[in-house]
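Structure record follows, encoded as structure tokens.
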Amino acid sequence: MVTVSSIKADIGGMVGHSSSHPDILDLGREEMERAKQRGLLIDAHVSHCGDDMFLIMTHDRGEDNTDVHRLAWDTFVKGTELAKKLKLYGAGQDLLADAFSGNIKGMGPGSAEMEIDERPSEPIIVFMGDKTSAGAFNLPLYKMFADAFNTPGLVIGEPLHGGFAFEIQDVKEHTQITLNAPDEIYDMLVFIGSPQRYAIKRVFNRLSGEIAAVSSTDKLSLIAGRYVGKDDPTMVVRCQGNFPAVGEVLEPFTTAWTVEGWMRGSHHGPLMPVALGDAHPSRFDGPPRLVALGFQLANGKLIGPNDMFDDPGFDNVRAEANNIADYLRKHGPFEPHRLPLEEMEYTTMPAVAAKLSHRWTATEATREHAMAAPAGEVE
Ligand code: F6R
Ligand code: MG
Ligand code: MG
């Protein structure tokens with residue numbers, strides 16, 4: 001068995017929140033190399049999307065392994081020290097805990113891990129997002145694993161024809177449920193259609209029982225209780241054979257879906273799939289973007305990566321994303337560009353509401369009603 005762990009954090013940006021400094025990524029690579037030499041990791045690849053650093057690691061320690069999580073945490077802490085020296089922006093932004101407590105979950109960084117029985121050929125795609133949030137993969141995962149108009153393999157591919165099981169988390173209540181596609185898709189859509197509350201954590205092939213996909217569902221604002229940046233997500237998806245083909249896994253991203261994030265993590269914007277060379281969001285701190293790194297696993301070694309969105313086949317969706325960005329930006333501070341009030345509760349909203357609370361008075365209609373009503377009937 002081999003475990004693929006993608007663990008990521010924003011530990012400092014350059015310039016502002018737009019990208020990462022090469023020295024920080026090099027530091028990450030050195031730490032990963034040392035961990036390989038001491039036998040903790042089989043292999044590792046360090047990359048970034050915008051201001052987030054992604055540690056893509058393979059090992060044989062299973063999911064939630066303390067040593068692997070400690071390695072990721074220590075790497076982020078060391079990266080933060082360097083980020084502070086370079087005075088990078090928001091150094092240590094996602095490290096919400098003072099000290100490592102055994103598992104990186106709930107400490108700020110996002111993680112997506114899967115333990116698998118490596119197939120004779122094991123193509124995987126690791127997705128890295130920036131300026132978006134956990135839950136952003138709900139719609140693409142649904143398309144990949146439950147929509148025959150996206151994935152013909154669900155209809156004509158025997159190993160996929162039994163459908164897929166979706167493990168869905170309620171990120172506020174910390175509960176989870178598994179629902180089966182295709183039979184339970186109408187029930188499932190009730191929940192996953194609200195990605196700020198319900199996020200798809202894992203997907204399984206129902207016939208073989210194998211894990212097909214895993215995504216990070218860690219919510220920074222729910223951990224910190226206030227706005228501390230968005231939880232730019234990561235996801236690992238297995239491809240081919242019992243799973244959707246590489247092209248079926250990438251196809252959902254030919255539409256620039258509306259996701260949460262963008263400027264100050266408080267806006268809806270189009271999710272733009274980009275090549276690594278374009279993974280430095282600048283316009284209005286965005287638009288939200290996504291990189292897809294493809295690997296072949298070979299006894300746990302990460303052969304690759306291939307930069308999967310570095311393909312003119314995605315030029316149209318990038319143009320679509322820019323058009324949607326132009327349109328949404330015209331709304332300025334109005335919904336639906338700005339997030340709805342409930343989602344603003346972690347921003348300035350509570351402070352502004354508290355400051356003005358004593359200036360709210362009853363409306364005219366309420367006053368007239370109060371005067372007309374016999375005493376005691378209106379509070
Ligand atoms: C969004 C993001 C940026 C910042 C914005 C303000 O995820 O990281 O849009 O929220 O640049 O940043 P501060 O408050 O650090 O000045
Ligand atoms: Mg940042
Ligand atoms: Mg980020």
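The values are calculated or read from the model by the stated rules, or taken from the named source; none is laboratory data. What you see is a predicted model; the values in this text were computed from it and never measured. Using ideal geometry, Cβ is built from the backbone for each residue, glycine included, and neighbour counts are taken over all protein chains shown. Quick note on the areas: whole protein, heavy atoms, side chains included, nothing else; ligands and nucleic acids left out. Shrake-Rupley method; radii C 1.70, N 1.55, O 1.52, S 1.80 Å.
For the reader, a short list of remarks on this structure follows.
- If you filter region 247-276 down to residues that are charged (D, E, K, R) and within 13 Å of ligand 1 (Cβ to nearest atom), you find that the one that is least open to solvent (accessible area, probe 1.4 Å) is Glu260.
- In region 89-117, residue modelled with the highest pLDDT [restricted to those that are open to solvent by 50 Å² or more (accessible area, probe 1.4 Å) and within 16 Å of ligand 3 (Cβ to nearest atom)]: Tyr89
- When each of Asp51, Asp26, Asp60 is tested for being more than 16 Å from ligand 3 (Cβ to nearest atom) and in contact (Cβ under 8 Å) with a residue 12 or more places away in the chain, the lone residue that passes is Asp60.
- Enumeration of residues in region 191-231 that are within 16 Å of ligand 1 (Cβ to nearest atom) and closer than 17 Å to Ile125 by Cα: Ser216
- For region 305-317, the candidate set comprises residues that are in contact (Cβ under 8 Å) with a residue 60 or more places away in the chain and either within 30 Å of His59 (Cα to Cα) or open to solvent by 40 Å² or more (accessible area, probe 1.4 Å) (or both); within that set, the residue that is nearest to the chain's Cα centre (by Cα) is Met308.
- Residues of region 1-16 that turn out to be away from ligand 3 (no atom under 14 Å from the Cβ) and assigned to a loop (DSSP other than H, G, I, E, B), as a count: 1
- The listed residues are Met57, Met53, Met32, and the only one of them that is within 16 Å of ligand 1 (Cβ to nearest atom) and at negative phi turns out to be Met53.
- Unique residue being open to solvent by 80 Å² or more (accessible area, probe 1.4 Å), among the acidic types (Asp, Glu) and in contact (Cβ under 8 Å) with a residue 12 or more places away in the chain when the list is Asp187, Asp183: Asp183
- Checking Leu95, Leu88 one by one, the residue that is touching a strand residue (DSSP E or B) at 6+ places or on another chain (Cβ under 8 Å) and farther than 17 Å from Phe54 by Cα is Leu88 and no other.
- Of all residues in region 79-88, those satisfying the criterion of being part of a helix (DSSP H, G or I) and either open to solvent by 30 Å² or more (accessible area, probe 1.4 Å) or within 11 Å of ligand 1 (Cβ to nearest atom) (or both) are Glu81, Leu82, Lys84, Lys85.
- Lone qualifier among Ser194, Ser215 - being within 15 Å of the chain's Cα centre (by Cα), of a type outside the set (Val, Ile, Thr), at pLDDT 95 or above and surrounded by fewer than 22 Cβ atoms within 10 Å (Cβ to Cβ): Ser194
- Pair list, Cβ under 7 Å, 6 or more apart: region 213-231 residue at positive phi, other residue open to solvent by less than 10 Å² (accessible area, probe 1.4 Å): Gly229/Asp10; Gly229/Asp94; Gly229/Leu220; Gly229/Gly265
- Selection within region 48-78: residues that are within 16 Å of ligand 2 (Cβ to nearest atom) and outside any helix (DSSP H, G or I). The member of this set that is surrounded by the most Cβ atoms within 10 Å (Cβ to Cβ) is Asp51.
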